[in-house]
Amino acid sequence: MRGLVIKSTGSSYIVRLDDGSDVECRVKGNFRIRGIRSTNPVAVGDFVEIKIQDDGTHWISEIEERRNYIIRRATNLSKESHILAANIDQAALIVTVNHPVTSTTFIDRFLATCEAYRVRAVLIFNKIDLLSDEEMAHLAELQALYESIGYQTIALSALHLQHPTPSTLDSQLSTFHPPFPSGEGRGEASYTLHQILQGRVTLLSGNSGVGKSTLLNALFGKEMTRTGKISDAHDKGMHTTTFSEMYPLPTEWATSGWLIDTPGIKGFGSVDMEKEEISHYFPEIFRVSSMCRFGNCSHTNEPGCAVQDALVKGEIAISRYESYLSLLGDCAENKYR
């Protein structure tokens, strides 16, 4: 039997069979994907073959070749990796300017990983309803920065995102002419979000507390997963999603598409990145690097470095360059952040 892994619980997997039914499956203890040393050999999004044992239990016997996957360093600080999801069309990183603050280093590490594994990345800035005028100005600066590099961004409030009905969505899509009526999570933001998710398999990721669960619940119009409160003492989120799970988009929102909800993560450690390749995963640095005097320029202290020159001229953001250096540090010191 063939099926799609839609949920991982650590010790077992929920697989949706081709006939639409769901079965709980397990894997052998020594089951490993060739060439990938990971804490989870089977990931949400995998297509698998299943065998039924004599006692009626279901076991995953084979994993079909993945067209892609996205991976991060395992949280136990080992050299092993953790596969967030497989066979995805894009990754949407949910970030917040405040409540809690998502660091640009975290954002850049996530984007670099997407570049490394050739996964399209989108940035969704959430909780704009909580921002002061100064914080809104900072949000605009961040959107301008990442859009100038080539990433799509959208700003909204998941808490105020209205679950669409077929009539309201049809009205939005048929009458859309900028400027769209404004509002946190409504109007143009709702339209753009629909366009981003429609017909795609999307991985949702982000720090704990940024509102992934709230966004998921708003899109489906019901509680799909628990939401958590922000710690008053540290302004940080508490984990509410324990395992990765894959949900088909509701038909009133999109004709097709899936969302993969993942547990909130604090850091994003690099995996299998060679020092010489890091600059390739920062598009604006890679574009300028062709003009460096030396072909093996590390863009740190070499003479004739075009990246250093662009940095001085303000053509490359300091925050992005610092994130580049932090990934270089990972390679040099084999450390996790």
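The values are calculated or read from the model by the stated rules, or taken from the named source; none is laboratory data. Here the structure is a predicted model, which is why all the values come from computation and not from measurement. Every residue, glycine as well, gets a Cβ built from its backbone with ideal geometry; the counts of neighbours run over all protein chains shown. Ligands, DNA and RNA are excluded from the accessible area calculation, which covers all protein heavy atoms including side chains. Shrake-Rupley method; radii C 1.70, N 1.55, O 1.52, S 1.80 Å.
On a 1.4 Å probe surface of the protein chains, which of I83, I63 comes out largest in accessible area, and what is the full order?
Ranking I83, I63 by accessible area, largest first, yields I63, I83.
To the nearest 10 square angstrom, how much accessible area does M291 have with a 1.4 angstrom probe?
We get 130 Å² for M291.
How would you classify region 39-125 from its alpha-carbon gyration tensor, with a ≥ b ≥ c the square roots of the eigenvalues: rounded for a/c under 1.5, else prolate if a/b is greater than b/c, otherwise oblate?
Prolate.
Could you check the spin-label model distance between R118 and S256? Points 7 Å from the Cα along Cα→Cβ, value in nm.
Going by the 7 Å Cα→Cβ label model, 2.1 nm.
I need the per residue convex hull volume for region 279-325, using only the alpha carbons, in cubic angstrom as a whole number.
66
Exactly which trypsin sites (Lys or Arg not before Pro) in region 55-152 are in a DSSP loop and have at most 14 other Cβ atoms within 10 Å?
Values: sites: R66, R67, R72, R73, K79, R109, R118, R120, K127; in loops: R66, R67, K79, R118, K127.
Within region 55-152, the qualifying trypsin sites (Lys or Arg not before Pro) (loop, at most 14 other Cβ atoms within 10 Å) are R67, K79, R118.
Expected output is a single nm value to one decimal: the length gained when fully extending between N301 and T9, i.e. 0.36 nm times separation in residues minus the C-alpha distance. What is it?
Values: separation 292, 0.36 × 292 = 105.12 nm, distance 4.69 nm.
Difference between extended and current length: 100.4 nm.
What distance in nm separates the simple spin-label points at K313 and A140, each placed 7 Å from Cα in the Cβ direction?
Those two pseudo-labels are separated by 2.6 nm.
Take the alpha carbon gyration tensor of region 119-165, find the square roots of its eigenvalues, order them as a ≥ b ≥ c, and report rounded if a/c is under 1.5; if not, report prolate when a/b exceeds b/c, else oblate.
Working: a/c = 3.24, a/b = 1.15, b/c = 2.81.
Taking the square roots of the gyration eigenvalues as a ≥ b ≥ c, region 119-165 is oblate.
Can you tell me the length gained on complete extension of the stretch N68 to D55, counting 0.36 nm per residue apart and subtracting the Cα distance?
Numbers: separation 13, 0.36 × 13 = 4.68 nm, distance 3.44 nm.
Contour length minus Cα-Cα distance gives 1.2 nm.
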